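Trainee: Sharing a structure, written as structure tokens. Questions coming.
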Amino acid sequence: MGDPGKRVATHGVTCFSKMKMFLLALTMAYLAKALSGVYMVSMLTQIERQFNIPTSIVGFINGSFEIGNLLLIIFVSYFGSKLHRPIMIGAGCVVMGLGCFLISVPHFLMGRYEYEKTISPSSNLSSNSFLCLKNRSQTLMPTPDPGDCEKEIKSLMWIYVLVGNLIRGIGETPIVPLGISYIEDFAKSENSPLYIGDLTITPTDTRWLPKEGLEDNADVTTSDKEKHQGKARKEKRGITKDFFPFMKSLFSNPIYVLFVLVSVLQINSFTTTFVFLPKYLELQYGKSTAEIVFLIGIYNLPPVITGYLIGGLVMKKFKFTVKKAAYVAFCLSLTEWLLFLLNFMWTCDNFPVAGLTTSYEHERIQQPLYVEKKILANCNTRCNCLTKTWDPVCGDNGIAYMSACLAGCEKSVGTGINMVFQNCSCIQSSGNSSAVLGLCKKGPDCTIKLHYFFIMVVICSFIYSLAALPGYMVLLRCIKSEEKSLGVGLHAFFIRVFAGIPAPIYFGALIDRTCLHWGNQKCGKPGACRMYDINYFRSIFIGLPAALRGSSFLPTICILILLRKFQLPEETDSSETEFTEMKLTEKKSEYMDMQRSPESDNDRELKTRL
């Protein structure tokens, strides 16, 4: 027999190395998952414009990730705990990479982006067709052929993005539920909040590491290994026998059922806000997509990371019980919700577009509606303009027009983005009645309000991150240890079925109802929305999530009441935990000593009890 101290030291170094390697690999997987997801959401507005599709289809594309996740979540959560979980996570990363590659395929198959035109690509009309020409005949403008939609390969390219996002969801499935169940199964109970709060999750599989804080004896005989392998084979043969009893036990747990309901309501709220936030900020404050995405990353990511880390450290230091964690999560969540309502204050008006949000006489329309006759005015009726064209120009009077023709412009100088339109009869100003490409920029007051909005984002994101971990610990501690993998998986399943998948679709459909002017495909069919009623948009974007989250507090209060009446088995203090682990270690040592001595009947009976 070797030196016991040396064996323990060597074993500790080995475990430390394996834990660090697994930690590094899982951190990279989690980082890849987060980056691909955030980038996908940030590009939804560009996808809508590139493929000329309505917001409801964009919401369906975003929801396809959850559909892919849904296909495997229960299987992975239950059977994953019985199989080699690190291998399953690694395989998921490979599938996730394949999905990301498929999403990028349209970039290589499509040509350069073509701005919306309502004339046929075979037409030889010059750029003067977008100017005000008194002698132009409408018969010169070719009639769109509906068959062009089927011929246009671009119209179907969004399917690659849809399928790729679905495959990405399938690959991401093992990472979160198996990672969280690792932490609860193989880390000290007081350390698990810290590990979950840190993106560098440190779970360890039973097949290569012991439970944190417990040392296995290095002297395991060959017969012991054979017995263990035989037991493992029996467990695999009975891998499904506990599935339905576990399901029944979980659905008989009122705290678990109420927590799932709270999660569904809140994830509906967070999903709609997170998915369409870039689109809302672009329209509300008149900023570019690149600028908005950059600001979201700067203002949102640091407070989220900081909140998770601080929340984990606080829970570890003060060893929160389940009841205390539930009360802390409720108070923080309620505070964050009340602050969220302040976003109704940081508002800007619609872009001033003649015929849509303002009249040609520059009088604001209080309730702008898309009415065909309002697009034309006395100043442009002689121009025979196309009324469905969306190629906006900004006049030097601060009013935008749907096209240079509708602005009454008769001349253009320059090329590309530097083109200037002159002699515009609809532009009444003290200048030369000219216009430039694009919508008019909003005033400096909108920029100031945007800063206020992001200040609230920082505060709310930090508070939400602090509340997330105590709330999630209620889920993990209200179910039995052997049911945790399935419980976490079912929790994710219901979130995807009732929130992750439908929320972007129905919210996108609601956003489409705020559209003032639809774009057109080359074949004449409606495409993406080009102009929204921002006041109606804001009411939906802020009001609906606020209502969903507000309704989630009723079942939350029920959970707090139930926690006061019941004592959960996992709710133990640190001294009890240490005493239990010490007793387990003593029994283990006693068992190993018996293996080295002749076995009597009394010994066998004692071993059976152990």
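The values are calculated or read from the model by the stated rules, or taken from the named source; none is laboratory data. Because the structure is predicted, anything quoted here is derived from the model rather than measured. Note: ideal-geometry Cβ built from the backbone for every residue, glycine included; neighbour counts use all protein chains shown. Note: areas computed on protein heavy atoms with side chains; ligands, DNA, RNA excluded. Shrake-Rupley method; radii C 1.70, N 1.55, O 1.52, S 1.80 Å.
Trainee: Averaged per residue, what accessible area in Å² does region 373-514 show with a 1.4 Å probe, protein chains only?
Mentor: Numbers: 5660 Å² over 142 residues.
Value returned for region 373-514: 40 Å² of accessible area per residue.
Trainee: Using DSSP to call loops (not H, G, I, E or B), can you name the trypsin sites (Lys or Arg not before Pro) in region 301-330 whose Cβ has at most 16 other Cβ atoms within 10 angstrom? Kindly include the intermediate steps, with their values, before the conclusion.
Mentor: Working: sites: 316, 317, 319, 323, 324; in loops: 319.
Counting only loop positions with at most 16 other Cβ atoms within 10 Å, the trypsin sites (Lys or Arg not before Pro) in region 301-330 are 319.
Trainee: Now for a separate question. Probe radius 1.4 Å, ligands and nucleic acids left out: which of 48, 361 has the largest accessible area, and how do the rest follow? List each step's numbers first, then the result.
Mentor: Details: 48 5, 361 125 Å².
In descending accessible area the options line up as 361, 48.
Trainee: Also, quick follow-up: List the pairs from 33/241; 324/449; 241/484; 287/388 whose alpha-carbon separation is above 28 Å, in the order I gave them. Please report the intermediate quantities before stating the final value.
Mentor: Details: 33/241 33 Å; 324/449 37 Å; 241/484 16 Å; 287/388 25 Å.
The answer is 33/241; 324/449.
Trainee: Taking region 447-495, which trypsin sites (Lys or Arg not before Pro) meet the DSSP loop condition and have no more than 16 other C-beta atoms within 10 Å? Please list the in-between numbers first.
Mentor: Details: sites: 449, 477, 480, 484; in loops: 480.
Qualifying residues, ordered by number: 480.
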